[in-house]
Amino acid sequence: MLACAVAASILMFVDHRFTRMEEVRAQLTTVVAPIQWLVAVPSDILAWGSLALSDQRGLVEENRRLREQILHLSHRVQHMSSLTAENVRLRELLGAAARTEAEYITAELLSLDADPFTHQMVIDRGRRNGVYVGQPVMDASGLVGQVTAVSAYSSRVLMVADASHALPIQVNRNGLRFVLQGSGQYDALRVVHVPDTADIRQGDLLVTSGLAGRFPSGYPVARVTEVVHDPGQPFARVTAEPVARLQRSRHFLLIFPPAPPPVPEDEMWDRELPEEAEVDASLGPATEEQE
C-alpha cells in the first residue's frame, strides 16, 4: 500500500510538472477503454431492462386510459347522433340553411418561438397543402390559434394566448357575445368589456361566435375560471383558461371553413323603395281592391 501511494504521488507530480504525460494518459485510456466497457456491461444491461419494463408499464397504463377514453367518446357520439338528427329536423321546420361539415388537414409541430413575450409556433404544413393566412388551427381539445404566415412547406401560427390575439366568442350557455383577448400567459385569457350585470359565471364554456368571418361558429375556445365584480366599475373582470393544450399538443387540425353567405354591398342598404311601393306599415300591404 505504501509503495502504491508513493507511486501515485510521483505520477501526480510528474503529470502536473511535465506535459509529456498527456500522451501517456491518452495511450493508457485507449488500453483501459475495453476493460471499462466490460465492467459497464452489467450496469448497462440492468438499466436497459429497467427502462424496457418501465416503458412497458407506461404503455399498458396509456392503453388503459385510451380504452376508457374510447368508451367515453363512444357514449358521447351515440348521444350526439340523436341530438344531430333532432337539430336537423328543427332547422328544417324553421327553414334554416343546413350546416356543412368543415374540411381539415392534419399538421405537426416543428418548433416554438423562443421569444418569451410571444406565443407562436411553426407547423409542417404550408402553401403546397392549401394553408392560407388566417386559417383556424385546432387540437383535440379546442381552438389553438390562427395562421399568420405561410411558406411553401411550413406555416407560423399565432396562439390564442398571445397578447396581440383577440377573437369574438359567445357563452355557450346563453349566447352572450364578447371578445376574448390573450394575456401573454398560456393558462389565462381575458374576456374584455363584460358589463357588470352580464350573465356570465365561473365554469361557462366560451365558443367561437363566427361573427368575424374567420373562425367558424361553435368551436370551444376557453372556460371561465374567475368573475370579479368590482363595486363602482361598469365592467367585470373575467378570466378564462384555454381548453386547448397549448403547451403539450404536437398534432393539430387546420380547418377549412365553408364559405360564408354573401353580405349585401353598402349601396344596397341605402336604396329606397319606389313611391308606389311605399305602404303605411300600420295598414299592412295594399290589396288589389285598395289599388
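Readers should treat all values here as calculations from the given coordinates under stated rules, not as data from a laboratory. Values in this document were obtained by computation on a predicted structure and should not be read as measured data. All Cβ positions, even for glycine, are placed from backbone atoms using ideal geometry, and neighbour counts span all protein chains on display.
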Fill in: Cα extents of region 170-218 along the three principal axes, largest first (Å)
27, 27, 18
Worksheet item: Sorted by average packing, counted as other Cβ atoms within 10 angstrom per residue and highest first, what order do 63-73, 185-195 take?
Response: 185-195, 63-73
Worksheet item: What does the convex hull of the Cα atoms of region 39-160 come to per residue, in Å³, rounded to a whole number?
Response: 187 Å³
Worksheet item: What distance in nm separates the simple spin-label points at residue 56 and residue 106, each placed 7 Å from Cα in the Cβ direction?
Response: 2.8 nm
Worksheet item: Counting every Cα pair in region 108-228, what percent are over 18 Å apart?
Response: 52 percent
Worksheet entry | FRET efficiency, 1/(1 + (r/R0)^6) with R0 25 Å, evaluated for residue 212 and residue 113 via beta carbons | 0.55
Worksheet item: To the nearest 0.05, what FRET efficiency results for residue 72 and residue 179 with a Förster distance of 35 Å applied to their C-beta separation?
Response: 0.60
